[in-house]
Amino acid sequence: MDTIFALASAPGKAGVAVVRISGPDALAVGTAMAGALPPARGSALRTLRAANNDVLDQALVLTFAQNASFTGEPIVEFHLHGSTAVIGAVCGELGQFNGLRLAEAGEFTRRALENGRIDLAQVEGLADLIEAETEAQRRQALRVLSGEIGNHTERWRRLLIRAAALVEATIDFADEDVPVDVTPEVLSLLRGVKSDLEFHLAGSNAAERIRVGFEVAIIGAPNVGKSTLLNALAGRDAAITSEYAGTTRDVIEVRMDIGGLPVTLLDTAGIRDTTDYVESIGIERAKKRAFEADIRVFLVDGSGEPVFSPMAGDIVLRSKADLLSDKTGAVSGLSGHGLDQLVEALRSKLLDKSASASIASRLRHRLAIEKALSFLLKAESLLLGSDAADFVAEELRSATRSLDQLVGRVDVENLLDEIFSSFCIGK
């Protein structure tokens with residue numbers, strides 16, 4: 001494989017910048033620029049020089065041996081002074097070496113996958129960790145990156161292979177007396193895996209919401225104070241407010257961290273009957289996003305009712321508490337009354353929704369588990385029905401292959417380009 005290099009830290013000016021070199025010629029290139037390299041997993045301060053002997057920078061140099069690095073290849077890292085001029089000079093010099101090229105997006109991580117250092121689910125966990133904005137996202141990404149999906153998959157795979165082996169033994173001894181009836185053990189193995197998969201499938205929606213964010217829609221009639229409430233929660237003027245009804249025509253989104261969970265607040269058009277064509281489009285969008293949201297916060301005036309029936313877990317509040325003598329169950333974005341109570345109610349409800357999160361945090365995971373479950377259900381039905389051991393064994397093998405897709409053992413080549421395209425060059 002080619003030897004590759006790239007800036008592995010964030011672009012721009014910083015205290016320290018890290019340039020990573022990985023591949024068969026990494027140590028030779030490192031030696032050419034820094035002189036004697038430190039031992040594997042060691043570090044040393046070295047002066048980096050160009051081919052004409054000009055000094056480029058003083059850098060901390062780290063080395064990693066093959067099969068003991070992130071990519072599984074020899075790696076040299078230069079920890080430089082983080083000015084754009086130093087980074088440009090060092091990368092420009094690296095580009096002059098024969099057989100050395102700039103890494104493509106995600107290529108370091110792709111090599112780690114191809115060299116067996118991590119599995120496909122861990123690749124996704126790393127991508128999620130890089131993108132994590134909240135504490136819940138960080139914790140979930142670390143679970144996936146640590147190999148938890150792979151550990152579960154390996155256990156399920158082992159149990160299903162055992163079950164298939166028992167079934168296939170009855171095929172081999174079809175014309176003879178099988179010493180033991182294997183059906184009870186096979187059923188026990190199959191149902192144990194099925195129960196685990198059902199549990200993780202049930203928690204996949206919550207896990208995916210933690211990864212991409214929950215949505216909370218603020219719903220109400222025109223001029224009831226939705227935009228003012230959104231601005232108060234966001235701590236900035238994210239939405240235009242005025243005394244004229246129908247100011248908000250489109251859905252306005254504000255990203256927040258509530259209780260360590262990622263939340264997108266939605267300010268929607270006021271819902272009413274209207275002959276204004278543009279406003280009617282906004283109202284239809286408001287209704288659609290409201291029904292798709294995880295929680296709806298209904299604002300009503302002093303004597304009004306919600307614009308449509310709340311669902312379980314929704315919040316209904318009286319608006320403009322600053323104008324009310326009885327402020328019970330009311331909120332005001334203008335005065336701040338009730339804001340803390342609203343945030344706490346949202347935090348509690350969202351934590352309840354996230355409590356059931358499983359390790360299956362992506363649509364790809366959910367589809368693989370659903371596919372495996374369908375094969376296990378067929379196997380169970382066949383096992384309890386007619387004498388069809390060969391069909392049972394094939395369903396068990398198909399379930400195993402479906403689970404193998406979780407960690408990238410089979411049928412994932414078409415996914416790799418899409419997954420790695422989301423990575424930065426230095427990863």
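The values are calculated or read from the model by the stated rules, or taken from the named source; none is laboratory data. It should be emphasised that the depicted structure is a prediction, and the values quoted were computed from it without experimental measurement. When we count neighbours, we look across all protein chains shown, and the Cβ atoms used for this are built from the backbone with ideal geometry, even at glycine.
Here is a yes/no grid of residues against (1) surrounded by fewer than 17 Cβ atoms within 10 Å (Cβ to Cβ); (2) at pLDDT 75 or above; (3) on the phi > 0 side of the Ramachandran plot:
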site: T241; (1), (2), (3): no, no, no
site: D257; (1), (2), (3): yes, yes, no
site: D267; (1), (2), (3): no, yes, no
site: G270; (1), (2), (3): no, no, no
site: D273; (1), (2), (3): yes, no, no
site: R289; (1), (2), (3): no, yes, no
site: A312; (1), (2), (3): yes, yes, no
site: V331; (1), (2), (3): no, yes, no
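Give the residues of region 122-161 that are out of contact with any Pro (no Cβ under 9 Å at 6 or more places or on another chain) and of a type in the set (V, I, T), sorted by residue number.
Correct list: V123, I130, V144, I149, T153, I161.
Counting only residues that are more than 16 Å from V18 (Cα to Cα) and touching a helix residue (DSSP H, G or I) at 6+ places or on another chain (Cβ under 9 Å), which one in region 30-53 is surrounded by the most Cβ atoms within 10 Å (Cβ to Cβ)?
Going through the qualifying residues, I end up with L37.
Would you be able to say whether some residue in region 17-33 is in contact with a Gly (Cβ under 6 Å, 6 or more places away or on another chain), closer than 20 Å to L102 by Cα, modelled with pLDDT of 95 or more and not acidic (D, E)?
Among the residues of region 17-33, at least one is in contact with a Gly (Cβ under 6 Å, 6 or more places away or on another chain), closer than 20 Å to L102 by Cα, modelled with pLDDT of 95 or more and not acidic (D, E), which makes the answer yes.
Consider T31 carefully, then state whether it is part of a strand (DSSP E or B) and among the hydroxyl-bearing types (S, T, Y).
The answer is no for T31.
Considering only region 391-403, I want to know if a residue exists there that is farther than 16 Å from L160 by Cα, out of contact with any Gly (no Cβ under 8 Å at 6 or more places or on another chain) and either assigned by TED's automatic domain parsing to the domain that holds R191 or in a helix (DSSP H, G or I) (or both).
No, there is no match, as no residue in region 391-403 is farther than 16 Å from L160 by Cα, out of contact with any Gly (no Cβ under 8 Å at 6 or more places or on another chain) and either assigned by TED's automatic domain parsing to the domain that holds R191 or in a helix (DSSP H, G or I) (or both).
Would you call V144 assigned by TED's automatic domain parsing to the domain that holds L384, touching a Gly at 6+ places or on another chain (Cβ under 6 Å) and assigned to a helix (DSSP H, G or I)?
Yes: the conditions hold for V144.
Out of region 376-410, which residues are at pLDDT below 70 and over 20 Å from A112 (Cβ atoms)?
Result: S386, D387.
Taking region 8-54 on its own, how many of its residues are touching a residue at least 60 places away in the same chain (Cβ under 8 Å) and charged (D, E, K, R)?
3
Answer yes or no: is there a residue in region 295-316 that is in a loop (DSSP other than H, G, I, E, B), of a type in the set (A, V, I, L, M) and without any contact (Cβ under 8 Å) to a residue 40 or more places away in the chain.
yes
T3: on the phi < 0 side of the Ramachandran plot and surrounded by 18 or more Cβ atoms within 10 Å (Cβ to Cβ), yes or no?
yes
Testing V331 on (1) hydrophobic (A, V, I, L, M, F, W, C); (2) in the same structural domain as P262 (by TED's automatic domain parsing); (3) free of Cβ contacts under 8 Å to residues at least 60 places away in the same chain, one condition comes back false. Which one is that?
(3)
Going through region 344-366 one residue at a time, which ones are of a type outside the set (G, A, S) and surrounded by 15 or more Cβ atoms within 10 Å (Cβ to Cβ)?
The answer is L346, R347, K349, L350, K353, I359, R362, R364, H365, R366.
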